[in-house]
1. Take T38 and tell me if it is over 19 Å from the mean Cα position of the chain (by Cα), on the phi < 0 side of the Ramachandran plot and not aliphatic (A, V, I, L, M).
2. Taking the conditions exactly as written (out of contact with any helix residue (DSSP H, G or I) (no Cβ under 6 Å at 6 or more places or on another chain), within 14 Å of L92 (Cα to Cα), exposed (fewer than 14 other Cβ atoms within 10 Å of the Cβ) and of a type in the set (G, A, S)), does A2 satisfy them or not?
3. Write out, first by first residue and then by second, each pair whose Cβ atoms fall under 9 Å of each other, whose residues are 6+ apart or on separate chains, and whose first residue, in region 49-76, is modelled with pLDDT of 95 or more while the second is not in a helix (DSSP H, G or I).
4. Under the condition of being free of Cβ contacts under 8 Å to residues at least 24 places away in the same chain and closer than 13 Å to L148 by Cα, which residue from region 117-129 is farthest from the chain's Cα centre (by Cα)?
5. Can you work out which of the residues in region 87-116 that are under 11 Å from the mean Cα position of the chain (by Cα) and part of a helix (DSSP H, G or I) is farthest from A32 (Cα to Cα)?
Amino acid sequence: MALLNTIDTEIKAAMLAKNEVRLRGLRAIKAALLLAKTEKGAAEELSEEAEIRALQKQIKQRKESAEIYLAQNRADLAKIEQEEVTVLEEFLPKQLSPEELEQAIRKIIAEQGVTDLKGMGKVIAAANKELAGKSDGRSISEMVKKLLG
């Protein structure tokens with residue numbers, strides 16, 4: 001909920017500044033958070049994890065859309081999606097660099113006692129939980145495969 005209040009303030013500032021790109025991204029965040037709040041089984045107040053999941057979902061959708069638009073030679077539409085991703089990413093925790101991600105996953109592998117690809121699912125589950133919001137699932141999965149494979 002704290003994020004929702006922050007977004008409202010940011011929307012007002014973007015309106016006053018007539019910053020259409022930022023305003024579009026902020027409105028997308030607000031819509032995603034309100035939608036997450038109304039989902040079945042959601043708590044009245046969104047937890048920080050739920051807010052992060054909602055933002056990550058929006059970012060993933062926009063990145064996929066941008067790839068599709070680029071494949072169809074629609075750079076104009078891909079640019080819009082990429083601009084929104086930039087705004088959305090501002091509200092996520094700082095993302096881990098590849099080196100930081102590798103170090104964190106090595107630690108998780110050691111904690112789990114996994115030595116081969118058979119335990120990959122166990123490591124990915126632990127990493128997704130521990131690194132939520134700091135790295136996307138695809139990066140985590142690729143790094144686990146690299147380190148165990």
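The values are calculated or read from the model by the stated rules, or taken from the named source; none is laboratory data. Keep in mind that this is a model prediction, so the values were computed, not measured. We place every Cβ from the backbone using ideal geometry, glycine too, and count neighbours over all the protein chains shown.
1. Against the criterion (over 19 Å from the mean Cα position of the chain (by Cα), on the phi < 0 side of the Ramachandran plot and not aliphatic (A, V, I, L, M)), T38 qualifies.
2. Working: out of contact with any helix residue (DSSP H, G or I) (no Cβ under 6 Å at 6 or more places or on another chain): yes; within 14 Å of L92 (Cα to Cα): yes; exposed (fewer than 14 other Cβ atoms within 10 Å of the Cβ): yes; of a type in the set (G, A, S): yes.
Taking the combined requirement at face value, the residue satisfies it.
3. I68/R74
4. Filtering first and then ranking leaves K118.
5. Step one: filter region 87-116 for residues under 11 Å from the mean Cα position of the chain (by Cα), giving 88-95.
Okay, now just the ones that are also part of a helix (DSSP H, G or I), so 88-89.
Working: L88: 11, E89: 14 Å.
Going through the qualifying residues, I end up with E89.
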